[in-house]
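For reference, the structure is listed below as structure tokens.
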Amino acid sequence: MKKILTLPAGNPVEFRWTNRKGVKKRFLIPGSLWVTIVTMLLMALTFAYAKTLTWQIGVGVTLMLLIHELGHLYAAKKCGYLASVPIFIPYLGAAVICPQILRSRNEAYVGYYGPLFAAIASINLLLFTILWPGHHHDVALVNQASLSVNVFNMIPLRFLDGGRILAKNASPRRHHADWVRCYVILTVGQIALWVIQAFYY
């Protein structure tokens with residue numbers, strides 16, 4: 001586990017591959033953990049500066065996005081792919097750059113782990129608001145915002161995680177039905193978490 005989640009802390013990582021048309025490609029991905037730290041700070045500051053959220057909630061939402069992206073990074077590393085550290089883009093979200101997964105048989109696997117990690121984190125936040133009632137308004141708001149983003153991300157469009165999980169060429173054919181079931185369970189589960197969290201808001 002420790003080896004899989006180890007993030008490169010040095011120079012950008014360069015790798016090359018050949019696409020389906022036989023054209024050689026070259027790609028440079030950020031390899032420094034500082035990229036994640038700086039872009040996370042920019043994301044949180046943008047929330048606070050625009051007065052969209054308080055800075056505390058902005059930090060919380062940013063951390064939840066980080067957990068989501070670490071899920072993708074964990075899965076990509078486990079598959080042996082080169083991947084960037086998480087990169088945050090204010091108001092657009094975050095991403096882990098890993099061109100090798102595109103149209104690969106492991107795309108559903110890598111796409112699934114982001115929402116899965118985020119759902120596990122949301123369950124913990126929900127339990128916190130239920131078991132320790134009182135001053136949990138900000139925690140509940142962070143959780144609802146995170147769940148809203150994750151449910152939106154499960155829409156079956158090709159550029160979202162939902163589309164990557166459900167794409168027929170994103171997993172071995174014999175496992176496609178299993179991924180559809182996993183998709184339904186995770187999506188319905190996150191909607192249920194959102195409803196329960198709204199009750200304890």
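In table form, for the structure just shown:
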{"item": "The stretch 86-113 - residue that is modelled with pLDDT of 85 or more and touching an Asp or Glu at 6+ places or on another chain (Cβ under 6 Å) and, of those, surrounded by the most Cβ atoms within 10 Å (Cβ to Cβ)", "result": "111"}
{"item": "First in the stretch 105-118 and in contact (Cβ under 8 Å) with a residue 12 or more places away in the chain, second anywhere and part of a helix (DSSP H, G or I) and among the charged types (D, E, K, R), Cβ under 7 Å, 6 or more apart", "result": "107/164; 108/164; 111/161; 111/164; 114/69; 114/161; 115/161"}
{"item": "Segments classed as helices (runs of 4 or more DSSP H), wholly inside the stretch 114-201, with at least 1 members that are modelled with pLDDT under 90 and touching an Asp or Glu at 6+ places or on another chain (Cβ under 6 Å)", "result": "161-166"}
{"item": "Identity of the residue in the stretch 164-201, free of Cβ contacts under 8 Å to residues at least 12 places away in the same chain and of a type in the set (Gly, Ala, Ser), that ends up farthest from residue 121 (Cα to Cα)", "result": "177"}
{"item": "Test: residue in the stretch 69-80 that is surrounded by fewer than 18 Cβ atoms within 10 Å (Cβ to Cβ), under 25 Å from residue 124 (Cβ atoms) and modelled with pLDDT of 85 or more", "result": "yes"}
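The values are calculated or read from the model by the stated rules, or taken from the named source; none is laboratory data. Bear in mind that the values here come from a model prediction, so they are computed numbers and not experimental data. Every residue, glycine among them, receives a Cβ derived from its backbone with ideal geometry; neighbour counts consider all protein chains shown.
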